[in-house]
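Undergrad: One structure is given below, represented as structure tokens, and several questions about it will come after.
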Amino acid sequence: MEKTPNGERRHITIKLWPPSQNTRQMLVERMKNNLSTPTIFTRKYGSLSDVEASKHAKKIEESAFVSANQHYEQEPDGDGSSAVQLYAKECSKLILDVLKGGSKIEETETPKPEIDSAIHEMLFDISKGQRAFIEEDEAQTLLSPLKEPGNSYSKICFSNRSFGLGAARVAGPILASIKNQLKEVDLSDFVAGRPEAEALDVMNIFSEALEGSNLKCLNISDNALGEKGVRAFEKLLKSQNSLEELYLMNDGISKEAAQAVCELVPSTDKLKILQFHNNMTGDEGAIAISEILKRCPLLEDFRCSSTRVGSEGGVALTEALALCKNLKKIDLRDNMFGVEAGVKLSEALYKHEYLTEIYLSYLNLEDEGAIAIANALKDSAPSLGVLEMAGNDITAEAAPSFAGLISSKKSLVKLNLSENEFKDDGAILISKAIGEGYDQLKEVDMSHNSLRRAGVRALANVLVHLPGLKVLNVNGNFVSEEGIDELKDIFKGCEDKLGELDENDPDGEDFDDKESGDEDEGSQDELEAQLKNLDVNHEE
């Protein structure tokens with residue numbers, strides 16, 4: 001433990017990975033000796049000449065480093081110890097392979113271009129471990145690998161470590177020296193807990209250091225930027241001409257901040273991912289974002305969820321989205337669009353043939369907006385895999401449109417229509433839309449839909465036979481005790497596919513089994529007639 005200037009103890013995390021360039025070179029020399037000098041293995045399999053040994057040692061180290069570095073990116077303990085162990089183990093294994101195979105090793109080892117490509121995309125990540133402040137002294141140690149001559153880092157992640165002014169002054173020159181090789185920069189949550197003035201100074205230092213870099217991906221989320229923070233990144237943002245991904249989530253993006261983003265990111269013609277989750281953007285901010293969208297012809301992934309956008313802003317966004325014809329994923333959850341914006345969105349969706357995921361929960365769409373969107377999606381998005389429209393006050397009146405949509409989308413993987421009012425009639429109609437060929441469907445959520453025994457039974461009888469099903473969620477409905485028993489019996493032998501039922505309210509069903517059966521049959525006859533008109537069982 002080290003003391004800060006005010007006498008408090010500061011925890012310094014020791015990172016074992018990545019090794020320095022000097023360490024890597026020393027290992028190459030050691031392996032060269034192991035391949036060319038007498039050892040128990042060279043006596044058994046034969047040794048290599050100095051030239052061959054040097055060449056193979058370098059390739060072995062590169063291959064082992066790539067494997068260990070990939071492992072480190074998912075390493076749970078975060079300090080790099082298991083990556084170091086894998087690095088050593090791979091080196092030992094490959095040395096033995098070389099000695100056993102001799103000159104033939106080149107035929108089986110990983111091709112050099114792939115190794116070079118993997119090294120070129122090396123990640124320098126200090127985000128793992130405990131969330132902590134970082135000051136000048138620790139920054140000198142922690143960032144030292146970036147100063148190694150000839151390093152190949154093209155991705156850096158400084159997230160989860162809060163940079164003070166001293167640490168930023170250390171990082172600035174280092175980043176400036178490698179900015180031409182950087183492709184991805186993650187500065188999310190890197191000034192947490194700092195006073196506003198200091199945080200803005202830190203942002204300015206990083207922005208100036210990275211000005212003129214040619215980034216493909218920039219993440220400056222979780223920094224409570226506001227307009228001042230966005231403008232602190234002005235030099236960096238204005239200098240980018242090849243950005244493909246931009247993340248501004250949980251950044252306090254107000255109307256003024258959104259307008260600043262629109263102003264400071266002039267080149268968006270290559271942008272493929274744009275995300276603004278959890279901001280206070282509002283309608284006027286959404287209008288500014290819509291202007292950015294109009295300049296993003298290649299956009300594939302757009303997220304503007306939980307941004308306080310109402311009807312006016314929703315209309316502006318959806319009109320702009322109509323121009324982004326390469327969209328694969330749209331996430332507009334948790335806004336106040338209302339019916340008008342929902343209908344306008346439906347008009348845009350007719351143009352999105354590449355759409356695979358759409359998240360439209362909690363938008364106050366009601367039946368009118370939901371029906372318009374369902375009808376639009378039925379005639380577009382042939383490869384739709386995820387459909388989420390929870391919490392939109394959708395009733396059984398919209399069920400025929402949703403049944404028609406679902407019947408045309410055998411590529412569905414996830415269907416979430418929870419927290420609506422489909423009731424039994426709607427659930428039965430939707431269950432009839434799911435027939436053979438839905439092998440990819442894994443999750444269906446019809447929880448909190450005022451379903452009774454007939455509705456959950458219809459869903460269960462269809463979904464239990466799907467080979468890919470992982471979970472059916474019908475929690476929070478009004479199913480009788482007998483209905484729950486029947487449901488469990490249907491899923492007997494595959495109980496893990498039935499979700500929790502702890503929020504079910506059995507008091508919601510108060511008629512006896514015979515009456516229930518008679519009503520079910522009447523509903524079935526009426527729904528079958530509707531289904532014939534919809535032709536939901538038609539094979540595409």
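The values are calculated or read from the model by the stated rules, or taken from the named source; none is laboratory data. Only a predicted model underlies this, so the values are computations on that prediction, with no experimental measurement involved. Note that each Cβ is placed from the backbone with ideal geometry, even for glycine, and that neighbours are counted across all protein chains shown. Keep in mind that these areas ignore ligands, DNA and RNA; they rest on the heavy atoms of the full protein, side chains included. Shrake-Rupley method; radii C 1.70, N 1.55, O 1.52, S 1.80 Å.
Undergrad: Between LYS58 and GLN181, what is the spin-label point distance in nm, taking each point 7 Å from the Cα along the Cα→C-beta axis?
TA: 1.6
Undergrad: Working from Cα positions, state the angle (0 to 90°, nearest 10) between the long axis of helix 165-178 and the longest principal axis of the chain.
TA: Computed tilt is about 80 degrees.
Undergrad: Residues of the stretch 130-268: accessible area per residue at 1.4 Å, in Å²?
TA: Computed with neighbouring chains in place, this is 37 Å² per residue.
Undergrad: Also, quick follow-up: Two decimals is fine: what is log10 I(q)/I(0) at q = 0.12, 0.16, 0.22, 0.27 Å⁻¹ for the stretch 338-422, from a Debye sum with one equal scatterer on every Cα and no solvent?
TA: Results for the stretch 338-422 at q = 0.12, 0.16, 0.22, 0.27 Å⁻¹ read -0.28, -0.50, -1.02, -1.55.
Undergrad: Which FRET efficiency value, to the nearest 0.05, do you get for ASN326 and THR37 by plugging their Cβ-Cβ distance into 1/(1 + (r/R0)^6) with R0 = 56 Å? Could the numbers behind the result be given before it?
TA: Values: r = 58 Å, r/R0 = 1.04.
The pair ASN326/THR37 has a calculated efficiency of 0.45.
Undergrad: With a 1.4 Å probe and all protein chains kept in place, how much accessible area does CYS217 have, in Å² rounded to the nearest 10?
TA: My reading of the accessible area for CYS217 is about 20 Å².
Undergrad: Using the Karplus curve 6.51 cos²θ - 1.76 cosθ + 1.60 with θ = phi - 60°, what ³J(HN,Hα) values do you get for each residue of the stretch 476-492, in whole Hz, with x for Gly and Pro?
TA: Once rounded to whole Hz, the list reads x, 10, 10, 9, 5, 4, 5, x, 5, 4, 5, 4, 5, 5, 4, 9, 4.
Undergrad: Leaving out ligands, DNA and RNA, and with a 1.4 Å probe, what % of the accessible surface on the chain is carbon or sulfur? Provide the component values of the computation, followed by the final result.
TA: Details: 11330 of 24240 Å².
Ligands and nucleic acids excluded, carbon and sulfur give 47 percent.
Undergrad: Ok, one more. Please work out how much accessible surface ASP439 shows to a 1.4 Å probe, ignoring ligands, DNA and RNA, in Å² rounded to 10.
TA: That residue has around 90 Å² of solvent-accessible surface.
Undergrad: So, one more: Please list 48-56, 429-437 highest first by mean number of surrounding beta-carbon atoms within 10 Å per residue. Provide the component values of the computation, followed by the final result.
TA: Working: 48-56: 16.9, 429-437: 20.3.
Result, highest mean Cβ count within 10 Å first: 429-437, 48-56.
Undergrad: Okay, next question. What nm distance separates the two modelled labels at ARG30 and GLU503, each placed 7 Å from Cα along Cα→Cβ?
TA: In this crude spin-label approximation the distance works out to 5.6 nm.
Undergrad: Given R₀ = 51 Å, FRET efficiency for ASN22-LEU264 by Cβ-Cβ distance, to 0.05? If you can, show how the numbers build up before the last one.
TA: Working: r = 40 Å, r/R0 = 0.79.
Calculated transfer efficiency: 0.80.
Undergrad: If you take all C-alpha pairs in the chain, what percent of them are over 44 Å apart? Before the final figure, lay out each step's value.
TA: On the way: 53047 of 145530 pairs.
Result for the distance tail: 36 percent.
Undergrad: Once you sort the root eigenvalues of the Cα gyration tensor of the stretch 138-255 as a ≥ b ≥ c, which label holds: rounded (a/c under 1.5), prolate (a/b larger than b/c) or oblate (the other case)?
TA: Numbers: a/c = 1.80, a/b = 1.22, b/c = 1.48.
Verdict is oblate for the stretch 138-255.
Undergrad: Taking the Cα atoms of the stretch 119-163 alone, what are Rg (to one decimal) and Dmax (as a whole number) in Å?
TA: 11.1, 30
Undergrad: May I pose another question? Looking at the chain only, what percent of DSSP beta bridges run antiparallel? Nearest 5 please. Don't jump to the answer; show the numbers that get you there.
TA: Details: 2 of 44 bridges.
Taking every DSSP beta bridge with both residues in the chain, the antiparallel ones total about 5 percent.
Undergrad: Return the sequence-ordered ³J(HN,Hα) values of the stretch 291-307 in whole Hz as given by the Karplus equation 6.51 cos²θ - 1.76 cosθ + 1.60 applied to θ = phi - 60°, using x for Gly and Pro.
TA: 5, 5, 4, 5, 9, 10, x, 9, 4, 10, 9, 10, 10, 9, 8, 6, 10
Undergrad: Something else now. Give the lysines whose C-alpha is closer than 16 Å to that of LYS179, dropping any in the same chain fewer than 8 places away, or say none.
TA: LYS147, LYS155, LYS216, LYS235, LYS238
Undergrad: What number comes out for accessible area per residue over the stretch 391-480 if the probe is 1.4 Å? Units Å², please.
TA: Values: 2800 Å² over 90 residues.
Using a 1.4 Å probe on heavy atoms only, each residue of the stretch 391-480 averages 31 Å².
Undergrad: Under a straight-distance cross-link criterion of Cα-Cα below 21 Å, which lysines are reachable from LYS378, leaving out those fewer than 8 residues away in the same chain?
TA: LYS325, LYS328, LYS329, LYS344, LYS351, LYS409, LYS410, LYS414, LYS432, LYS442, LYS532
Undergrad: Could you list which residues have their amide H under 5 Å from that of PHE133, counting only those 5 or more apart in sequence or on another chain, with H placed in the peptide plane?
TA: Counting only residues 5 or more places away or on other chains, the set is SER162.
Undergrad: Just add up the charged neighbours of ALA316: K/R +1, D/E -1, any other residue whose Cβ is under 11 Å from the Cβ of ALA316.
TA: On the way: positive: LYS294, LYS344; negative: ASP283, GLU284, GLU291, GLU312, GLU319.
Overall, the nearby charge balance is -3.
Undergrad: How large are Rg and Dmax for the stretch 243-357 when calculated on the C-alpha trace, in angstrom?
TA: For the stretch 243-357, the Cα radius of gyration and maximum Cα-Cα distance read 12.5, 34 Å.
Undergrad: Assign one of three labels to the stretch 360-464, namely rounded, prolate or oblate, based on the Cα gyration tensor with a ≥ b ≥ c the square roots of its eigenvalues; rounded applies when a/c is under 1.5, prolate when it is not and a/b is larger than b/c, and oblate otherwise.
TA: Values: a/c = 1.55, a/b = 1.02, b/c = 1.53.
It comes out oblate by the Cα gyration axes.
Undergrad: Related question: Take every Cα-Cα distance within the stretch 228-276, group them into 5 Å bins from 0 onward, and report for each bin the whole-number percent of pairs it holds.
TA: 5, 22, 33, 28, 12, 1
Undergrad: Once the stretch 420-512 is represented by equal point scatterers at the alpha-carbon sites, with solvent omitted, what log10 I(q)/I(0) does the Debye formula produce at q = 0.11, 0.22, 0.23 Å⁻¹?
TA: Computed log10 I(q)/I(0) values: -0.26, -1.09, -1.19.
Undergrad: Go through the stretch 423-431 residue by residue and turn each phi into a ³J(HN,Hα) via Karplus (6.51, -1.76, 1.60, θ = phi - 60°); whole Hz please, and just put x for glycine and proline.
TA: 6, 5, 4, x, 5, 5, 5, 5, 4
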